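Q: First, the structure itself, so that you have it in front of you.
The values are calculated or read from the model by the stated rules, or taken from the named source; none is laboratory data. Every value quoted in this text rests on a predicted model; they were computed, and no experiment measured them. Here the Cβ positions follow ideal geometry from the backbone for every residue, glycine too, while neighbour counts run over all protein chains shown. Heads up: the accessible areas ignore ligands, DNA and RNA and are worked out on the full protein's heavy atoms, side chains in. Shrake-Rupley method; radii C 1.70, N 1.55, O 1.52, S 1.80 Å.
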Amino acid sequence: VGKYVGDNGLTITPEILYQHTSSGDSALYFPAIGLYAQDKHVSEPGDDHLFVPSLTVTQSFDAVELTSVTSYFRRDFARTSDGTIYNSSIFANYLLPPSLLAPPPPGAIVQPVPTQAQLTQVANIIGFSPSPVFYDTNTNQISQELRLASKHPVQIGVPMNWQVGVYFTNQRQGHVDYETIPGLQANFQQIFGYSIYDSYIGSVAIPGVSYANDLLYFAQTHYTERQIAPFGELGFELTPDLKATVGLRYVSAKATDYFVPAGYFTVGLPDPYSESATYSATTPKFALDYAISPNSNLYASVAKGFRLGGPTGPDPAYQPNGAPPAAPGTCDTDYQNLGIPGAPLKYDSDSLWSYELGTKGRYFDNRLSVNAAAYMINWQNIQQTIVLPICGFTFTTNAGNADIFGSELEVRALITHDWTVSLNAGNNHSYITKSLVPGIVAKGEELLSVPNFSATLSSDYSYALSDEKSLFLRFDFPWVGRSHAFYAATTVPYHYNPAYGVLNMSVGLLQKHFQGGRKKFSLSLYAENVTDSRKNIQYPAVFQVQQAYILRPLTVSASLLQ
């Protein structure tokens, strides 16, 4: 936004980021009925507002520099999803009939046994009733960092630079999940001749259940997280060519989740549910950097990473005997398939040690730059989100331990004064070495959503029209390798995300000096997916109905920057 620089060493830099994204529908389609085709009863629009202001204040003194970074994050994301499959269909075909055919629950009014004609009406009328699902998530976070750093090396036998600081954040998140089957009460009354409240899934049989406004599921979640993290880092110049860095960070955090449910699908959920957890960790860092020449170096680093644990779910409890209600629990089949007694209510923190060895260099008068690295990661207590494909619920659990081996390569070549070619590539081999939940993930399986290989080839060409103006042409081809999408125990048709690549191009005009030399001016035309590839890149499944995400089709846009 702007920058203030004072004569007394004070610098103030405010920034504001605002983004509004609106979509009329989702990009999911059903491969079984044709490209881009959907068999949905409810459109799926979304509206996303993001607001991030920040203020950075730096005060320079004779020997040190004090920096304060204050930031606020707010995001409001509201969207609609079609719940017809996992609400109306499941309710009408799998949950309601067994409940009505079962013996009367204690205290319930004895109702006539439903006829086959009535059950057919339930499947055809209620089972195909459009079910809108409304999600509304708002996140607010305040963060503050104070950092004090040396401006000049301190002599302790060898030159040393240092910095110390503390980071604080306070996050609050609210989430509302509101799911209905419009016409549910009226259709039930018409089919059976009595109110759904007087049925075997009514309020007498299931105390507290509500179908107000044709409600099937409601959940309101309030999540809070606070953490404070002091840190420090020392840099040593052991020799003119060899430098060492030692860092240490300590984090202490507390997370709390409060959950209030309502509706028939909440049967088996704790009401209300509240879970709190406190976590702490110490994460060191060590690094060496050796200058082979003025233009190339070797480096090695060892660092520990840490992620907070927290509450998860909650998901419906396992009800193997089907009572109450008389029907099995919503997620029972998923739990049986995975061999688990139900979903957990919280997950623990995870941690890792990473080891990296690499080189960076510029060659042939800086016409060629090559950066290469190899790394190994030992990951403990992995946090993994598990999708229950039949009931549609998800939970996070600690899946086990894993080892990751990989490498990265970055090459950038100046072919001519105006033409640059770049290649970024990486490979990754990641697999489970120990499973904490054998029914969900097996030893030796690959980690989810981690491509085995990835690469991006790009080219930039500039043609000078004058000293001040030039045309530019750019293309890039990012390619993403196959990745594991579901563990083998999950019953879905596709367990892998396919490999895919997409070609993008842009052409434009650059004016170096604009408005008296104060600004640059750029006008460009950008084309994404130039070949209009129709490659499927993901295969999510809801209630075992196969869906797919496809590459965004050929899209052309224009931009004007100054």
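Q: Residue check, residue 16 against (1) open to solvent by 30 Å² or more (accessible area, probe 1.4 Å); (2) without any contact (Cβ under 8 Å) to a residue 60 or more places away in the chain; (3) within 25 Å of residue 133 (Cβ to Cβ); (4) more than 19 Å from the chain's Cα centre (by Cα), all met but one. Which one?
A: (3)
Q: Select, from 482, 474, the only residue that is charged (D, E, K, R) and buried (at least 17 other Cβ atoms within 10 Å of the Cβ).
A: Values: 482 fails: buried (at least 17 other Cβ atoms within 10 Å of the Cβ).
Within the list 482, 474, the selection yields 474.
Q: Mind telling me which of the residues 455, 527 ends up being under 30 Å from residue 409 (Cα atoms), in contact with a Gly (Cβ under 8 Å, 6 or more places away or on another chain) and among the aliphatic types (A, V, I, L, M)? Outline the logic, then answer.
A: Working: 527 fails: in contact with a Gly (Cβ under 8 Å, 6 or more places away or on another chain).
Result: 455 is the single residue among 455, 527 that is under 30 Å from residue 409 (Cα atoms), in contact with a Gly (Cβ under 8 Å, 6 or more places away or on another chain) and among the aliphatic types (A, V, I, L, M).
Q: I would also like to ask the following. Yes or no: residue 32 in contact (Cβ under 8 Å) with a residue 24 or more places away in the chain, within 30 Å of residue 7 (Cβ to Cβ) and not β-branched (Val, Ile, Thr)?
A: When the stated conditions are applied, residue 32 does not pass them.
Q: In addition: Which numbered condition trips up residue 223, out of (1) modelled with pLDDT of 95 or more; (2) in a strand (DSSP E or B)?
A: The one condition residue 223 does not meet is (1).
Q: Let me ask something additional. Return the residue satisfying two criteria in turn: it lies in the stretch 112-124 and is outside any helix (DSSP H, G or I) and within 22 Å of residue 204 (Cα to Cα), and of such residues it is least open to solvent (accessible area, probe 1.4 Å).
A: For the stretch 112-124, the residue satisfying everything is 114.
Q: Give the residue that is surrounded by the most Cβ atoms within 10 Å (Cβ to Cβ), with candidates limited to residues of the stretch 343-375 that are within 28 Å of the chain's Cα centre (by Cα) and not in a strand (DSSP E or B).
A: 343
Q: Listed residues 186, 229, 149; which is modelled with pLDDT of 95 or more, among the aliphatic types (A, V, I, L, M) and touching a Lys or Arg at 6+ places or on another chain (Cβ under 9 Å)? Before you say what the answer is, go through the steps one by one.
A: Working: 186 fails: touching a Lys or Arg at 6+ places or on another chain (Cβ under 9 Å); 149 fails: touching a Lys or Arg at 6+ places or on another chain (Cβ under 9 Å).
None of the others qualify; the one that does is 229.
Q: Counting only residues that are of a type in the set (A, V, I, L, M, F, W, C) and either farther than 18 Å from residue 3 by Cβ or in contact with a helix residue (DSSP H, G or I) (Cβ under 8 Å, 6 or more places away or on another chain) (or both), how many does the stretch 51-77 have? Break it down stepwise before answering.
A: As a first pass, look at the stretch 51-77 and keep what is of a type in the set (A, V, I, L, M, F, W, C): 51-52, 55, 57, 61, 63-64, 66, 69, 73, 77.
With the extra rule that they be either farther than 18 Å from residue 3 by Cβ or in contact with a helix residue (DSSP H, G or I) (Cβ under 8 Å, 6 or more places away or on another chain) (or both), the set shrinks to 51, 61, 63-64, 73, 77.
Of the residues in that region, 6 qualify.
Q: Filter the stretch 212-267 down to the residues that are among the β-branched types (Val, Ile, Thr) and touching a residue at least 60 places away in the same chain (Cβ under 8 Å), then identify the one that is least open to solvent (accessible area, probe 1.4 Å). Please lay out each step first, then the result.
A: Taking the stretch 212-267 first, the residues among the β-branched types (Val, Ile, Thr) are 221, 224, 228, 239, 245-246, 251, 256, 260, 266-267.
Subset that is touching a residue at least 60 places away in the same chain (Cβ under 8 Å): 228, 267.
Numbers: 228: 81, 267: 28 Å².
Filtering first and then ranking leaves 267.
Q: Quick one: which strands (runs of 3 or more DSSP E) lie wholly within the stretch 446-562 and hold at least 2 residues that are under 30 Å from residue 89 (Cβ atoms)? So that I can check it myself, show each step before the final result.
A: Details: elements: 453-464, 469-480, 504-514, 519-528, 536-538, 555-561.
Per the criteria, 536-538.
Q: Is at least one residue of the stretch 436-450 of a type in the set (A, V, I, L, M), farther than 30 Å from residue 520 by Cα and open to solvent by 60 Å² or more (accessible area, probe 1.4 Å)?
A: Here is the first cut: in the stretch 436-450, the residues of a type in the set (A, V, I, L, M) are 436-437, 440-442, 447-448, 450.
Subsequent filtering for residues that are farther than 30 Å from residue 520 by Cα retains 436-437, 440-442, 447-448, 450.
Still in the running and open to solvent by 60 Å² or more (accessible area, probe 1.4 Å): 436.
Yes, the stretch 436-450 has at least one match.
Q: Condition (residue is touching a helix residue (DSSP H, G or I) at 6+ places or on another chain (Cβ under 7 Å) and either among the β-branched types (Val, Ile, Thr) or buried (at least 16 other Cβ atoms within 10 Å of the Cβ) (or both)) applied to the stretch 454-462: is it met by at least one residue?
A: The answer is no; no qualifying residue exists.
Q: Here's another thing I want to ask about it. Determine which member of the set 190, 173, 163 is open to solvent by 40 Å² or more (accessible area, probe 1.4 Å) and part of a helix (DSSP H, G or I).
A: That would be 190, the only listed residue that is open to solvent by 40 Å² or more (accessible area, probe 1.4 Å) and part of a helix (DSSP H, G or I).
Q: Can you tell me how many residues within the stretch 282-302 are in contact with a Phe, Trp or Tyr (Cβ under 9 Å, 6 or more places away or on another chain), open to solvent by 30 Å² or more (accessible area, probe 1.4 Å) and among the aliphatic types (A, V, I, L, M)?
A: Matching residues across the stretch 282-302 total 4.
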